[in-house]
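Shown next, in structure tokens, is the structure this report addresses.
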Amino acid sequence: MGHFADFIQQKGIEADAILRVSERLERLRDEDRELRRKRAAARRTSPGKSYADAGLGKPRSGRPLRPGHLEAALADKPVPGPVRSKFVRAVNHLLAKKGEQPIAAPQLFGPVPGKQGKKPR
């Protein structure tokens, strides 16, 4: 077992619960769609504006964790940064329900590095 698997077993968290919580946390809501519309309007007037430049918060991605992500994390395989963030959010939500302190990605994944994307050409 890997560091991630040991951590969730030690805290008594079910793997399926992480997927269910991620589905709920990452789901797009009306306020997220409104943020996207406002950013699109800001980019029409002056191209290249990010959410921070437009003075807007960042919307949820609308993409929850998938079973393949969970299998990779349980096997201590590197997962991309955004996926690691989703794991941290989901696990912290479950820990908060149990009344425990939130954790950061290094505590959750241990020495496993994040998966690097393709290098630009």
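Each reported figure results from applying straightforward, stated rules to the coordinates on display, with no laboratory input. What you see is a predicted model; the values in this text were computed from it and never measured. Every residue, glycine among them, receives a Cβ derived from its backbone with ideal geometry; neighbour counts consider all protein chains shown.
Starting from the Kirkwood radius over alpha-carbon pairs of the range 4-106, derive D by Stokes-Einstein at 37 °C in a medium of 0.692 mPa s and give it in µm² s⁻¹.
215 µm²/s
Could you point to the residue in 79, 96, 48 farthest towards the positive end of the range 35-116's charge dipole, with +1 and -1 charges on the Cβ of Lys/Arg and Asp/Glu respectively?
Of the candidates, 48 comes out farthest on the positive side.
Could you tell me which GluC sites (Glu not before Pro) in the range 9-74 are loop residues by DSSP with no more than 16 other beta carbons within 10 angstrom of their beta carbon? Don't skip to the answer; put the middle values down first.
On the way: sites: 14, 23, 26, 31, 34, 71; in loops: 14.
Within the range 9-74, the qualifying GluC sites (Glu not before Pro) (loop, at most 16 other Cβ atoms within 10 Å) are 14.
Could you check the spin-label model distance between residue 38 and residue 121? Points 7 Å from the Cα along Cα→Cβ, value in nm.
3.7 nm
Mean-square fluctuation check for the chain, GNM, Cα pairs under 10 Å: which of 90, 40, 73 is largest?
40
About the Cα centre of the chain, how large is the charge dipole given +1 on each Lys and Arg Cβ and -1 on each Asp and Glu Cβ? Please answer in debye to the nearest 20. It would help to have the intermediate numbers written out before the result.
Values: 27 positive and 13 negative charges, 179 e Å.
That gives a dipole near 860 debye.
Working out 0.36 nm times the residue gap between residue 100 and residue 75, then minus their Cα-Cα distance, what length gain in nm do you get to one decimal?
Additional length available on full extension: 6.5 nm.
Sum -39500 (n - 2.57) across every DSSP H segment of at least 4 residues in the chain, then divide by the residue count to get the 222 nm mean residue ellipticity, nearest 500.
Theoretical 222 nm ellipticity from helices: -17000 deg cm²/dmol.
Give me 85, 46, 22 sorted ascending by neighbouring Cβ count inside 10 Å, so fewest comes first. Please report the intermediate quantities before stating the final value.
Details: 85 13, 46 9, 22 23.
Ordered by Cβ neighbours within 10 Å, fewest first: 46, 85, 22.
Just rank 19, 94, fewest to most, by other beta-carbon atoms within 10 angstrom.
On the way: 19 16, 94 19.
Lowest count first: 19, 94.
Going down the list 58/86; 58/119; 58/98; 38/58, which pairs span over 18 Å between their C-alpha atoms?
Pairs exceeding the cut-off: 58/119; 58/98.
In whole Hz, with x marking every Gly and Pro, tabulate ³J(HN,Hα) for the range 77-91 from phi via Karplus 6.51 cos²θ - 1.76 cosθ + 1.60, θ = phi - 60°.
8, x, 10, x, x, x, 5, 4, 4, 5, 4, 4, 4, 5, 5
Applying 1/(1 + (r/R0)^6) with R0 = 35 Å to the Cβ-Cβ distance of residue 3 and residue 45, what FRET efficiency is obtained, to the nearest 0.05?
Rounded to the nearest 0.05, the efficiency is 0.15.
How many angstrom separate the Cα center of the range 7-25 from the Cα center of the range 50-70?
Cα centroid to Cα centroid, the span is 19 Å.
Size of the dipole of the range 1-52 about the Cα centre, Lys and Arg at +1 and Asp and Glu at -1 on the beta carbon, nothing else charged, in debye to 20?
Dipole magnitude for the range 1-52 comes out near 660 debye.
Tell me which trypsin sites (Lys or Arg not before Pro) from the range 1-33 have a DSSP coil assignment and no more than 12 other beta carbons within 10 Å of their own.
Taking the range 1-33 and a limit of 12 other Cβ atoms within 10 Å, the loop trypsin sites (Lys or Arg not before Pro) found are 29.
Sort 103, 8, 18, 13 so the one with the fewest other Cβ atoms within 10 Å of its own Cβ comes first.
103, 13, 8, 18
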